[in-house]
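For reference, the structure is listed below as structure tokens.
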Amino acid sequence: MSEYVLYGGKGGVGKTTCAAATALGRARAGVPTLVVSTDPAHSLSDVFDTPIGAEPTQVREGLDLWAVEVDPEDRIGRYRGQISAALEDLEELGITLDGDDLDDVIEAGVAPGTDEAAAMDLFVDYMDDPRYDCIVFDTAPTGHTLRLLKLPDVMESAAGKLITVKSQVSSLAESVQGFLGSGGDDEPDDDGPDLDLEALQERMARVGEALRDPDRTEFRVVLVPETMAILESERLLSELDTHGVPVGGAVVNRVLEDPSPDCNRCQSRHRRHRNRIEEARERLSPPLTIVPELQEEVHGFDAVEEITGHLDGSQATDASR
């Protein structure tokens, strides 16, 4: 059983519901579990129908199930002082990163303002938290998810470049101070927030290693039975393969089953869904899990529990039925 389960896919396909249901299933099995939303449009609170904030919250008393909606702004503040200071030091000494290096730093989100960077940094905190044996991630829509998965490698590389540049700047500054006879112990300390670049580099290396470990991690793609969703899922699966992220399966959500025999529209929609599922089986490599459409929207603990019964161990209930 994987330590880390990540759900991804296009917006509006039910990733949050699947993540919540999987986390509930693990907790019901006696596994202390945390479900994390990294989607800026958080909806875990709505799905569980309970307040969830930026710190892990126990979803229900007596059940080892916790949930958190990541607030990236809190973590982004850690990056601000060190990166700004590093770039200002370079500029004052007439040194600049070349275009590619600077692009790497900005793209990596080491500079302030990238939600995905904060989410990946928090990943390490949750990995190291002894309270949880399983962490389930509800990721943002596909484009954000791909940036999220690329970030550990890019940030590790960018932090390494900044470490090298900072070392060069420090050596040059010490030489200048020695020549001029200035500087020393009376220099005021920087009061701004600080970021240990070596620690950041090590943390990102750990995240990258965990994301690629098939014994610890599985990514599940969520889609609905529509052609456009199938095509986007196919592209996402290709990207996951490129980045070496192990895929545990694909979830076809909101499938109409057992339509009323006297409802022609329901019968037509049912046939369309079965055709799309067959198309998904042909185009997508991982096994499919089918989650039926509920009579009501998934809102509240009981509704999540109903979805739980169709996930984790339900791989046999695919389109071959």
TODO: Confirm whether Val252 is under 19 Å from the mean Cα position of the chain (by Cα), closer than 13 Å to Pro286 by Cα and either modelled with pLDDT under 95 or surrounded by 12 or more Cβ atoms within 10 Å (Cβ to Cβ) (or both).
DONE: no
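Among the residues of the stretch 293-311, are any over 17 Å from Val47 (Cα atoms), touching a strand residue (DSSP E or B) at 6+ places or on another chain (Cβ under 6 Å) and either at pLDDT below 90 or acidic (Asp, Glu) (or both)?
Taking the stretch 293-311 and keeping what is over 17 Å from Val47 (Cα atoms), we get none.
There is no residue in the stretch 293-311 that is over 17 Å from Val47 (Cα atoms), touching a strand residue (DSSP E or B) at 6+ places or on another chain (Cβ under 6 Å) and either at pLDDT below 90 or acidic (Asp, Glu) (or both).
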Open item on the list: Every residue in the stretch 15-38 that is buried (at least 24 other Cβ atoms within 10 Å of the Cβ) and part of a loop (DSSP other than H, G, I, E, B), please.
Closed with: Thr38
Task: Lone unmet requirement of (1) crowded, with 19+ Cβ neighbours inside 10 Å; (2) in contact with a helix residue (DSSP H, G or I) (Cβ under 6 Å, 6 or more places away or on another chain) for His243 - done: (1)
Open item on the list: Within the stretch 281-292, take every residue that is surrounded by 15 or more Cβ atoms within 10 Å (Cβ to Cβ) and over 24 Å from the mean Cα position of the chain (by Cα) and give me the one that is farthest from Leu44 (Cα to Cα).
Closed with: Arg281
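The values are calculated or read from the model by the stated rules, or taken from the named source; none is laboratory data. Values in this document were obtained by computation on a predicted structure and should not be read as measured data. Note that we place each Cβ from the backbone using ideal geometry, even for glycine, and neighbour counts take in every protein chain shown.
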